[in-house]
Structures are given as C-alpha cells and as structure tokens.
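Worksheet: one structure, shown below.
The values are calculated or read from the model by the stated rules, or taken from the named source; none is laboratory data. Everything quoted here is computed from the prediction, not taken from an experiment. Note that we place each Cβ from the backbone using ideal geometry, even for glycine, and neighbour counts take in every protein chain shown.
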Amino acid sequence: MPSAEGDKKSNHAAAGTRGYTIIETVISLIVLLSIVVPLLTHFYRVNTLAGMRREFVGIWLIEREAAVLRTFPRESLPVKRHILKNEEWTIRTEVSETEPLCYLLTAELRGAMQAKAVFYGRATDDGK
C-alpha cells in the first residue's frame, strides 16, 4: 500500500504542476535587480545632467543680461528671447521703481523657469 506522501508526489508529477522553490524565486529576483538598478541609475544621471546644463545656460543668459543692465540701468526690456541650439529661451526682467533699483531676472525654457537672479543697482545721475 503506497504512503500518503508518495501519492502526493505522484499526483503533482502526473499533473505537471511543479512550482518554484523560494530559493529559485530569490535568485531570479536578484538577477532581475542586478539588471534593473544600473539602468535606473543611468537614466537618473542623464536626466540630472540635462537639468544641470539647462540651469547653467539659464544662469549664463541672466549674467549676460545683468551686465547690460549694470551699464544701462534704465534701458531694460521686460522680455527678451534668445535661441541657443534650437531652443528658445525667454529672459524676463522686472525692475522696481524705487532707489536702489531692484532687478529680478528669470530665464525660462519652454515655459519652465530654469534660473533666477536678483540684484540691486542705481540709476545714473543723468536721468537714464
């Protein structure tokens, strides 16, 4: 007479439903993670570097505009557009009406602010 354990083994083998052991499952997860984690890290770094490049270009454009404003304090335009590498940048300038003049400069790319700067200056004595 066959034992109860023998019957269970023969039933599983006859049905062809062999399952995975916990060790096989853990090993497959480790292999999967060893592939996915480096890929996610790479995509995160690429995205971060692109953001840093946009911020650097925005700061450069703002500094360029600030140099012009320091030379000609009252000759600012509220919005200027620059095309760099087929990307249209918008430089917005807000100036306070009181002395000392407070300049708020923002650089935008596709409507999203990439950089911002505030500085103070004085109007020239000849009324410009």
Next on the checklist: Thr25 - would you say it is surrounded by 10 or more Cβ atoms within 10 Å (Cβ to Cβ), polar (S, T, N, Q) and at pLDDT 90 or above?
Outcome noted: yes
Next on the checklist: Of all residues being touching a helix residue (DSSP H, G or I) at 6+ places or on another chain (Cβ under 7 Å) and modelled with pLDDT of 90 or more in region 115-128, which is surrounded by the fewest Cβ atoms within 10 Å (Cβ to Cβ)? Just the residue, please.
Outcome noted: Ala117
Checklist entry - From Arg70, Arg45, Arg92, which residue is at pLDDT 90 or above and out of contact with any Cys (no Cβ under 8 Å at 6 or more places or on another chain)? => result Arg92
